[in-house]
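Q: Can you keep this structure in mind? I'll have questions shortly.
The values are calculated or read from the model by the stated rules, or taken from the named source; none is laboratory data. Every value quoted in this text rests on a predicted model; they were computed, and no experiment measured them. Cβ: placed from backbone, ideal geometry, glycine included. Neighbour counts: every protein chain shown.
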Amino acid sequence: MVRPLDSRKEGLARYTETLVPAISLLVVLLPIVYKQPNLISPDRYYATLTMTLAFGIPIVLASLGQMLAMSIGEIDFAMENLVSLVTCVMGAVMFKDPLLGTAFLIGILAVYMLIGAFIHLKKLPSIIITIGMSFIWTGLAITIQPTPGGSMPAAVNAAMRLRPPWIPYPIVLAVLLALIGHFLMFKTNFGILARGVGDNVKSIQQAGHSAIRVRIMVFGLVGLFGILSGVALGGLTTSADPLLAKNYTLLSVAAVVLGGGTFAGGKVSAVGAVFGALAMHLVVHLLVVLKISTDWQAGVKGFIILLALYIGGFFKRAGKIRYI
Amino acid sequence: MAERLVETKGIGKNFGISPALVDVSLTLAPGECLGLVGHNGAGKSTLMNILTGIFPPSSGAFSLNGRLQDAGYNVRAANSRGVWAVFQELSLCLNLTVAENLRVFHPEFRGWGWRKRAGDAITAILDEIFPGHGIRPNQRVETLNLGRRQVVEIAKAFAAGDGLGLLILDEPTSALDYHTARQLIDHLNRIKGGSIGIIYISHILDEVLACTDRIVVMKDGRISGEVASRDATRDRLIELMGSKSASAGEARGGDRQSRDLSGRPLLISPRRPEEKGGLRLTLREGEVVGLAGLAGHGQTDLLIELFDWRRNPDYRIEGPLTFIPGDRQRDGNFPLWSIIKNLTILVYPRVRRYRIIDLSLERSVSGRWRDSIGIRAASLGDNILSLSGGNQQKVLFARCLESAAKAILMDDPTRGVDVGTKEIIYRLIREERDRGRSFVWYTTEMDELKHCDRVYVFRNGSMVAEIPGTEATEEAVLRSSF
Amino acid sequence: MSGIGSLLARKWLWSYLGAAAVFGIIAAVSQNSFFTLSASISFATFYILVGIGQMLVITTGPGNIDLSIPNTIAFSGSLAFALMNENNANIPYGLLGGLAAAAAIGAFNYGLIRFILMPPMIATLASSLIVRSLSIIYFRGMQIKPPAGLAWFVNYRLAGVVPIIFLFVLVLAAMMQLILARAQYGRYIHAIGQNIKAAWLCGVDVKRYKLITYTLSGVFAGVTGILLAAFTGGATMSMGDEYMLNSIAVVVMGGSSIAGGDSNVIGIIGSSVLLYLIVNLLNILGMEAGLRYIFTGVVIIGIIFLSGEKMRR
């Protein structure tokens, strides 16, 4: 039982929504810059920034996928398993047999679209189906690539190592992805309907739109972004590993929430999610820079994810909750 | 242009066993503005839901522009044939902007530059109807207050432009302030006589009188009267809305008697003296207090606040209380459980030995209730959903009455229940009252107020009048709630 | 006819039929099938324990799943062994410490759900990262053997066949069955799972019962951790990992509703034996870990798909 916000809080929420992810990114960036002054040195910034931010790109892609799922009030719990599986498909199958590899990826897309139809027809929360899927993806990954290894197709490696002039590649990609995500969610008919389904399915259906079609398309795109994330991650590491994308599920959810998204109600922001994803990536990077012992890293990561979820949700706290 | 924009012929609608609409025939000409008034459950909204394609009628038919509507008629079809409706329950998506909402409902805004075109269109309409509205088309609806959302909802219907044939306004001003409501009525008066037919439903009778040509009064699913607006008065309408049953209530007034309960202990009393925000409720032992007024004006919210008695900031309450819901599926039943388990959830301390529930005790408690109030079930071990609605409601009553709670809150407990069950429920309430149990009873049925010692009338979220039970006639309640 | 029909309508029966069938196949392809069965029952014991804890959480309604179980197992097992320090006299302290820690983790999980308002699966997964880190910091590389008394207990077999911990868990399961069916706690969590608002309107203190439930799930994982560590000769960081999937699998296979409100302890016993027999069979047939993952995932989704239940979201 949740009551609407009072108007004062509402106004506050509007500002914080855009500021929170940006400020979080800044807060994380400052100590990194302090520790790695090369990041702002005119001679070295290009290489340092590229190195620091490169591994943020797969997280950005996964977060955009998660953002799509959350726009219709769902969560993809199999994100990290999917991304890891895709690195294995790239490393173990695509490398040898591009046709089979492509078929594999198309099959994954089809399964994702089926998930969309399934949750619509069975009225099941996706979190339950996707946790089942997470084991299937991991099982497949272990089967085709039991241990880290394999080799990526040269084109993928090359695609992740472009060197545009002046602006480091990861920044170019992040900006591009933010624009694409924003365009998709806020400029296209599909994006409007998806967010509409997240808030008020009944109205959307009464206006003559097919909710099942929207859900299928959304999950298709979740799968697509997951696949792109896997390709990017594979290209960066140049190897396949069934556990490569560890924690991506939580990181992507935290990124979306930090970026102004909510678990229900169809509220998402693509730009916010990209900021959030980079912030989450840099936080993890910060742990390395600050030489936090690897023993502590998982725990600190968990704590930071909880903190991000708390901060992201803080200004959207509703009034009186009588039971949960 | 067809002579008749809308013509309904003998439309009826049943929900389960209870008829919501009986043989309704009315017509509307283009350019005409028809007022539709009546109390809760009179069937106004049911009729509008049929016209807008939300559900089909059970019997009868209707035509738009002389064209008979077929089985495939739905909201989309209604929209494409020019029927647009504004309901109290908003259809907007809160997380979308005003312009995006327009696009969801009006597919013609597509292609490059749609956002600008949709924004311009809605701004033009808003400027025309509600000058000074202060709404920007790229604003998310959730950032608007309730009144402005309603304004957007109205403008959304007008955005159909030339495609708008029939406009249905169902309580369009309930969330609007006086000034904005006035703007809407002025606009309706301006467009009257054009090509658009308007059906205007409101409980604010002065508004209906101010903007309509003709007023149809509904009661108990039927049309109970029709008057030309210029000849009508408030009193005349209220009389048409309730006259019949009011006299029936008078005739059966024998069981109305004023009981002096002032010496009994208070179970619910306000923590602070009354404020300007309306009356405060009190409840004494052995008292039945009714909550009346139009549906959705804050009665259920009050019951929930009272039920959460430990955390209630406004009232001093002697708990625990129990709660009998009207919406059984949503608020009452445990759908996977048997009748017995549904019935005993409040009284485990009474049916267990050594902290373990004794199945035979549980069964005998349930059996006792089955015999005393006649729960019609093949076996008490059957699933709760195998019972008819009335029998499910009996189980919910048994559940609460078996508990030791001194006060029972009832949220329209006879909703959708057959007459026989209602009589049993009334008898139960009388018996329990005489044993010292207290009831707070929200009801949408005027007839039931005669069982109450006192009645509070709600309007716009607060209690505006307190009427002694002996004087709680339908007319008195209607006067306070309109 | 109707007798058989109503028997087959009992969802838990399928897991027993399945277990019998799989055992039949194992008997056909392997020589010492009874040894396999006996070993399977030992390992199935741990599935039953975590399965019951997971089932309690799942019973409280759609979306409630405890994903912190694996790390709770590792942490509480390690903590208990550190406290016991291979000394029989310290067993009570170890048990108490391990279980208290497990209970605290469960309560912490509900605190996150309640106060940060996040979906239970996200909350429990995030908290399990923290628990894992704590395990690594305090207990990594710890090679403490179980105290002799505990090791004797977990490995003792009645008549050389029936593991005594299996009997211990059966008694525990019987108690849980009684609590779920006939105690206020059990009835209340079923009510919450079926219709949370109706339960609240019946005066059920929803928050309190959910807190108890998440705490209990932690405790069951804690018991598992201690017994499992004793059984395998010492606590390790990864000893709980397989239980994330399997705890959910045995609940679903045992006939409990993944949507909550309907629990089934008897089914969990059957499905735990079934699941371990399947694991064994796949091993015998030379299938690898990956295929076992795929198989279990498909079974979970398949059962949800076939069960025909539609959820109230």
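Q: Enumerate the pairs (first residue in the range B:377-392 and farther than 16 Å from B:GLY367 by Cβ and modelled with pLDDT under 85; second residue anywhere and surrounded by 15 or more Cβ atoms within 10 Å (Cβ to Cβ) and among the small types (Gly, Ala, Ser)) with beta-carbon separation below 7 Å, excluding pairs fewer than 6 apart on the same chain, so at least 6 apart or on different chains.
A: Note: pairs meeting the criteria are B:GLY389/B:GLY416.
Rundown of residues vs (1) surrounded by fewer than 14 Cβ atoms within 10 Å (Cβ to Cβ); (2) in contact with a helix residue (DSSP H, G or I) (Cβ under 6 Å, 6 or more places away or on another chain), yes/no style:
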site	(1), (2)
A:PHE95	no, no
A:PHE104	no, yes
A:HIS120	no, yes
A:GLY132	no, yes
A:LEU140	no, yes
A:GLN145	no, yes
A:MET160	no, yes
A:PRO164	yes, yes
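Q: Determine whether C:ILE144 is modelled with pLDDT under 95 and in a helix (DSSP H, G or I). Reasoning before the result, please.
A: Values: modelled with pLDDT under 95: yes; in a helix (DSSP H, G or I): no.
Taking the combined requirement at face value, the residue does not satisfy it.
Q: In the range C:156-212, what residues are within 14 Å of chain A (Cβ to nearest Cβ) and in a strand (DSSP E or B)?
A: none
Q: Please determine, by comparing only the residues of the range B:464-482 that are touching a Leu at 6+ places or on another chain (Cβ under 8 Å) and over 24 Å from B:LEU237 (Cβ atoms), which one is surrounded by the most Cβ atoms within 10 Å (Cβ to Cβ).
A: Residue satisfying both the conditions and the ranking: B:GLY469.
Q: If you don't mind, another one. Looking for something farther than 23 Å from A:LYS267 by Cα, within 11 Å of chain A (Cβ to nearest Cβ), of a type in the set (Phe, Trp, Tyr) and outside any helix (DSSP H, G or I) - is there at least one such residue anywhere in the range B:114-134?
A: So far as the range B:114-134 goes, no, none of its residues is farther than 23 Å from A:LYS267 by Cα, within 11 Å of chain A (Cβ to nearest Cβ), of a type in the set (Phe, Trp, Tyr) and outside any helix (DSSP H, G or I).
Q: If you go through the range C:224-235 one residue at a time, do you hit one that is crowded, with 22+ Cβ neighbours inside 10 Å and within 14 Å of chain A (Cβ to nearest Cβ)?
A: No: the range C:224-235 contains no residue that is crowded, with 22+ Cβ neighbours inside 10 Å and within 14 Å of chain A (Cβ to nearest Cβ).
Q: Now for a separate question. Just need a number here: residues in the range C:129-155 that are in contact (Cβ under 8 Å) with a residue 60 or more places away in the chain and within 14 Å of chain A (Cβ to nearest Cβ).
A: Summing the residues that are in contact (Cβ under 8 Å) with a residue 60 or more places away in the chain and within 14 Å of chain A (Cβ to nearest Cβ) in the range C:129-155 gives 8.
Q: Six or more apart or on different chains, Cβ atoms under 7 Å: show the pairs whose first residue is in the range C:223-237 and in contact (Cβ under 8 Å) with a residue 60 or more places away in the chain and whose second is basic (Lys, Arg).
A: C:GLY233/C:LYS145; C:GLY234/C:LYS145; C:MET237/C:ARG140
Q: May I pose another question? Which of the residues belonging to the range A:258-271 are crowded, with 24+ Cβ neighbours inside 10 Å, more than 11 Å from the chain's Cα centre (by Cα) and not in a loop (DSSP other than H, G, I, E, B)?
A: A:LEU258
Q: Out of all the residues in the range C:98-132, which are more than 14 Å from C:THR60 (Cβ to Cβ), assigned to a helix (DSSP H, G or I) and of a type in the set (Val, Ile, Thr)?
A: Matches in the range C:98-132: C:ILE105, C:ILE122, C:ILE130, C:VAL131.
Q: Let me ask something additional. Which residue pairs have Cβ atoms under 6 Å apart, sit 6 or more places apart or on different chains, and have a first residue in the range B:332-345 that is within 7 Å of chain C (Cβ to nearest Cβ) and a second that is in a helix (DSSP H, G or I) and surrounded by fewer than 22 Cβ atoms within 10 Å (Cβ to Cβ)?
A: From residues that are within 7 Å of chain C (Cβ to nearest Cβ), the pairs are B:PRO335/B:LEU385.
Q: Moving on to the next point. Considering only strands (runs of 3 or more DSSP E) fully contained in the range B:1-69, which possess at least 1 residues that are at pLDDT below 90, over 22 Å from B:THR443 (Cα atoms) and among the β-branched types (Val, Ile, Thr)?
A: Qualifying strands (runs of 3 or more DSSP E): B:6-15, B:18-24.
Q: Quickly run through the range B:281-331 and pick out the residues that are of a type in the set (Ser, Thr, Tyr) and either within 13 Å of chain C (Cβ to nearest Cβ) or in a loop (DSSP other than H, G, I, E, B) (or both). Outline the logic, then answer.
A: Taking the range B:281-331 and keeping what is of a type in the set (Ser, Thr, Tyr), we get B:282, B:300, B:315, B:322.
Those that are of a type in the set (Ser, Thr, Tyr) and either within 13 Å of chain C (Cβ to nearest Cβ) or in a loop (DSSP other than H, G, I, E, B) (or both): B:THR282, B:THR300, B:THR322.
Q: Another question, if that's okay. A:ILE192 fails exactly one of the following numbered conditions: (1) part of a helix (DSSP H, G or I); (2) surrounded by fewer than 17 Cβ atoms within 10 Å (Cβ to Cβ); (3) free of Cβ contacts under 8 Å to residues at least 24 places away in the same chain. What is the number of that condition?
A: (2)
Q: Please state which one of A:GLY139, A:GLY132, A:GLY116 is in a helix (DSSP H, G or I), within 10 Å of another protein chain (Cβ to nearest Cβ) and in contact with a Lys or Arg (Cβ under 8 Å, 6 or more places away or on another chain).
A: Being in a helix (DSSP H, G or I), within 10 Å of another protein chain (Cβ to nearest Cβ) and in contact with a Lys or Arg (Cβ under 8 Å, 6 or more places away or on another chain) holds for just one of A:GLY139, A:GLY132, A:GLY116, which is A:GLY139.
Q: Within the range C:44-86, which residues are surrounded by fewer than 24 Cβ atoms within 10 Å (Cβ to Cβ), farther than 30 Å from C:ARG187 by Cα and touching a Leu at 6+ places or on another chain (Cβ under 9 Å)?
A: Result: C:LEU83, single match.
Q: Identify all residues within the range B:388-410 that are within 16 Å of B:GLN329 (Cβ to Cβ) and part of a helix (DSSP H, G or I); write none if there are none.
A: The answer is B:GLY389, B:GLY390, B:ASN391, B:GLN392, B:GLN393, B:LYS394, B:VAL395, B:LEU396, B:ARG399.
Q: For B:GLY367, indicate whether it is surrounded by fewer than 18 Cβ atoms within 10 Å (Cβ to Cβ), assigned by TED's automatic domain parsing to the domain that holds B:LEU283 and part of a loop (DSSP other than H, G, I, E, B).
A: For B:GLY367, the condition - surrounded by fewer than 18 Cβ atoms within 10 Å (Cβ to Cβ), assigned by TED's automatic domain parsing to the domain that holds B:LEU283 and part of a loop (DSSP other than H, G, I, E, B) - is not met.
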